[in-house]
Amino acid sequence: MPLPLRRAGAFAIVLATLGSGRGAEPPAPTLADVAYGSHPKQVLHFWKSPTASAQQPAAVVFFIHGGGWRSNHRLSKLSSFLPDLLEAGLSVVSVEYRFIQEAVAAGIEPPVKAPMHDAARALQFVRSKAADWEIDKERIAACGSSAGACTSLWLAFHDDLADPASPDPVARESTRPCAAAVIGAQTTLDPEQMRAWTPNSHYGGHAFGIIDKALSREELFAAFLASRREIMPWIAEYSPYALVTADDPPVYLLYTNAPALGQEAKDPTHSANFGAKLAERLTEAGVDHELVYPGAPNVEHPTVTDYLVAVLTSGPQAQPGEPIASPP
């Protein structure tokens with residue numbers, strides 16, 4: 001069953017619910033700082049499954065770290081459950097990406113396009129290495145926490161960005177994972193939705209360039225709300241909730257707090273209200289999903305590790321962009 005909620009730091013609890021949380025130094029990557037693009041931040045680590053071979057390629061966990069698209073690094077939150085994934089016969093990739101501040105400096109609009117499209121390109125690059133790295137490119141599940149969770153869901157729900165006619169072989173690969181398992185995900189970047197679900201929401205304006213160090217958090221969110229109509233095409237493009245369709249892959253949503261729709265939250269940025277509303281939308285669309293939080297009913301997979309191992313090593317497999325059922 002999910003662990004009881006303790007306010008000793010929400011993501012301290014997440015570390016425990018990811019897997020065994022062994023506390024040891026993570027194993028060194030098989031390949032470190034592999035470039036998937038030309039920017040210094042467009043690099044990834046790759047850990048090869050000890051059981052992978054050309055005859056038995058390994059499934060892959062594609063990890064995207066959190067930090068509001070503004071901070072942290074590849075091993076943030078991953079260290080605690082990386083050994084469990086490798087022991088289960090999975091290979092693991094963890095990506096760096098351009099942050100919001102680097103996107104702003106480069107004039108990228110909206111700024112959130114940089115980290116999200118970097119993740120998409122990195123996933124295509126990993127697929128292009130399937131033979132060399134002895135991985136099964138049809139069995140790649142996205143995983144992440146907070147902003148990395150939002151990006152993971154965006155990859156799962158967004159139309160495939162592959163360009164079959166591209167002269168670039170990497171660009172011809174799919175950008176869609178076969179599943180996603182996420183922790184503390186923001187499932188919408190629509191300020192009006194966020195305030196309706198959790199009235200003290202204050203997150204998200206920075207994704208669209210609403211950044212001013214002279215303004216308070218409340219003032220920034222007010223500016224975000226005031227800009228909503230103008231930037232609605234961007235909001236719709238980068239909000240996982242807005243992108244859900246019936247052909248989406250299955251997802252696992254983990255939160256460290258129980259949903260309380262319409263009520264203020266101690267940590268509104270990682271409120272389980274995000275998960276509850278997305279679960280409603282996924283049910284309407286007929287997309288397989290599991291929502292886990294303290295006291296949640298009918299929990300099949302108590303941890304992210306449990307889910308990833310189950311969905312990547314059991315049951316029928318799907319082509320990217322096609323749903324698969326969670327194993328029993």
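Listing for the model above:
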read-out	value
Extension gain, ILE211 back to ALA223 (0.36 nm per residue minus Cα-Cα distance, nm)	3.4 nm
Inter-probe distance in nm under a simple model that places probes 7 Å from Cα toward Cβ, at MET232 and GLU280	2.0 nm
Neighbourhood net charge (12 Å Cβ-Cβ; Lys/Arg +1, Asp/Glu -1) for VAL304	-2
Options PRO297, ASN72, PHE274, ranked by Cα towards positive dipole end of the chain, top entry (Cβ charges)	ASN72
Equivalent ellipsoid semi-axes - Cα gyration tensor, region 58-136, angstrom	26, 16, 7
Shape metrics for the chain, restricted to C-alpha atoms - Rg then Dmax, Å	18.5, 58
3J(HN,Hα) from dihedral phi, region 63-69, Karplus parametrisation 6.51/-1.76/1.60, rounded to Hz, x for glycine, proline	9, 10, 6, x, x, x, 6
Exposure proxy order (Cβ contacts within 10 Å, fewest to most) of PHE62, PHE99	PHE99, PHE62
Around THR51: net Lys/Arg minus Asp/Glu count, Cβ-Cβ under 11 Å	-1
Span-rule helices in the chain, defined as complete DSSP H runs reaching 18 Å or more along the axis (Cα) with Kyte mean at least -1.0	113-128, 272-285
Whole-number percent relative contact order across region 180-290, with pairs defined as alpha carbons under 8 Å at least 6 apart	40 percent
Within the chain: Cβ-based charge dipole about Cα centre, in debye rounded to nearest 20 (Lys, Arg +1; Asp, Glu -1)	740 debye
Coarse-grained scattering of region 189-258 at q = 0.11, 0.18, 0.21 Å⁻¹, given as base-10 log I(q)/I(0) from a Debye sum over alpha-carbon atoms	-0.33, -0.78, -0.96
Under Karplus coefficients 6.51, -1.76 and 1.60, residue-wise ³J(HN,Hα) of region 181-194 in Hz, glycine/proline x	10, 10, 10, x, 6, 7, 9, 9, 10, 8, x, 5, 4, 4
More than 22 Å apart - percent of Cα-Cα pairs taken over region 54-193	37 percent
Contour excess over end-to-end distance, with Cα ends at ASP247 and VAL104 and 0.36 nm allotted per residue	48.1 nm
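A short reminder: the numbers here are calculations on the coordinates, not readings from a lab. In this text, all values refer to a predicted model and were calculated from it rather than measured experimentally. With ideal geometry, Cβ positions are generated from the backbone for all residues, glycine too; neighbour counts draw on all protein chains shown.
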